[in-house]
Amino acid sequence: MTVIRKARPVVLIGVLLALIGFGISPAPAATSATLTVAAAIQQQNGATGTVSGYVAGQPTATNTVVRSNFPNDYALALADAAGQTATSSMLYVQIPSGFRSAYGLKTNPGLVGQKITVTGKLAAYFSHAGLTGATAFSGGGGSDPGDPGDPPDPGDYYAAAAGKTGPALKAALHTIISNQTKLSYDQVWNALKDTDQDPNNANNVILLYSGRSQSKSSNGGNPNDWNREHVWAKSHGDFGTATGPGTDVHHLRPEDVSVNGVRGNLDFDNGGGTVAECSGCAVDGDSFSPRAAVRGDVARMIFYMAVRYEGGDGFPNLEPNNSVNNGSAPYIGKLSVLKAWSQADPPDAFEKRRNQVIYDNWQHNRNPFVDHPEWVASIWP
């Protein structure tokens, strides 16, 4: 009997050879076994893989992983040991939008040190061994991000200040907020266009003292332009525009050139005569008072500067006092008036948004007195 053998395997081989001949190759096969981080780093071939490891922090650059003050929910780094600090032993994981509420580190900072498992494409991310386009996350117990309308007060950010009062609270807050990205004076222009954007017109900024909505593009030094106002006057401590207090956007605000000139380096106090182009403002020979709607904002910016700059990083120790005419000394007043302003004008939606934008997009630190205005009385009773 004649046996007719099927030639299908030969045909399939021929098809594959033909495809290769035309420059078409099969996609990398998926990896079936769960990989360690070390194995995933070695298998950056574009295949789909499942990796299990400990959350080591958030990658922000090719060789940088931060373990706190996370800027966003877009990425995390995995390692084979919870205490790993070498970025060369980490896998950078891209977090797609559908998983950010449960696995983004800004929303879920408690994930650091926990073990999770992720499935995705074994491919470079941040020009570093990575896992992109993740399709599944498990483990770690990601937390509920809460209502987006809730006040931005990440509990973990202030954990080191919990239960403290007075000088101990001030010292703890100084340590927390000193972990920041520092800007150049040129970068401040773009930062202010973001932080002080008019909520009703994305092309404009709101000027601090005058309250006028003005085109973002009209910044400069000519009359009716807006420029960069140092709420803590830079001559009070003689720090100029050096990177540090001179470029800290927590106290830099857009303001009309002429109104900025009227304020100059005056201390803050009640009373005085009217100010052109600044309804509700007042000025006399030794002090300036902004419009009522932002007096609390001004006070909280002053308190931030006093906590952030304590003299230990090459800059003067800035402190509020109960005087005016402070001149070039690293003091600003009046403390009693600033405290009253903070209490009478609590943080509003604009100030809270500004604090969050600085944290998210620019300096990655916060003004604690916007989040906790009650801390003013604890530090300055």
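Alpha-carbon geometry of the chain: the Rg and the Dmax are 27.5, 119 Å, given in that order.
Pairwise Cα distances in the stretch 234-293 exceed 18 Å for 38 percent of all pairs. Here the Gaussian network model covers the chain, with springs between Cα atoms less than 10 Å apart; of Pro223, Pro59, Pro320, Pro223 fluctuates the most. The H on the amide N of Asn322, modeled in the peptide plane, is under 5 Å from the matching H of Leu335, each at least 5 residues off or on a different chain. Per-residue packing, averaged as other Cβ atoms within 10 Å, sorts the ranges 293-299, 40-46 into the order 293-299, 40-46, beginning with the highest.
Adding -39500 (n - 2.57) for every DSSP H run of four residues or longer, then dividing by how many residues the chain holds, sets the calculated 222 nm ellipticity at -7000 deg cm²/dmol. Simple spin-label estimate for Ala162 and Ala124 gives 4.2 nm between the two label positions (7 Å along the Cα-to-Cβ direction from each Cα).
For the chain, the carbon plus sulfur part of the accessible surface works out to 54%, probe radius 1.4 Å. Normalising the average separation of contacting C-alpha pairs (under 8 angstrom, six or more residues apart) by the number of residues puts the relative contact order of the stretch 65-106 at 51 percent.
Axis angle, to the nearest 10 degrees, between helix 335-344 and the longest C-alpha principal axis of the chain: 60 degrees.
Size of the stretch 272-381 from its Cα atoms: along the principal axes, largest to smallest, the extents are 38, 32, 27 Å. Spacing of the modelled spin labels on Asn200 and Ala293, each 7 Å from Cα toward Cβ, amounts to 0.8 nm. Pairs spanning more than 32 Å between alpha-carbon atoms, out of Lys234/Lys352; Lys121/Lys193; Lys106/Lys170: Lys121/Lys193. A protection proxy built from the mean count of other Cβ atoms within 10 Å ranks the segments 237-243, 370-376, most packed first, as 370-376, 237-243.
Site pair Asn63 and Ser138 shows an inter-label distance of 3.7 nm when each label is modelled 7 Å from Cα along Cα→Cβ. Annotation for the stretch 312-381 versus the stretch 62-80: alpha-carbon center distance of 30 Å. In the chain, the longest principal axis of the Cα atoms and the axis of helix 8-21 are about 40 degrees apart.
Per residue, the accessible area of the chain comes to 45 Å², computed with a 1.4 Å probe over protein heavy atoms only. DSSP finds beta bridges in the stretch 232-381, and of those with both partners inside it, around 55 percent are antiparallel. Computed from Cα atoms, the angle from the helix 295-308 axis to the main principal axis of the chain rounds to 70 degrees.
The values are calculated or read from the model by the stated rules, or taken from the named source; none is laboratory data. The structure presented is a predicted model; accordingly, all values stated were derived computationally and were not measured. Don't worry about glycine lacking a Cβ; one is built from the backbone with ideal geometry, like all the others, and counts go over all protein chains shown. In case anyone asks, the SASA skips ligands and DNA or RNA and just uses the protein heavy atoms, side chains included. Shrake-Rupley method; radii C 1.70, N 1.55, O 1.52, S 1.80 Å.
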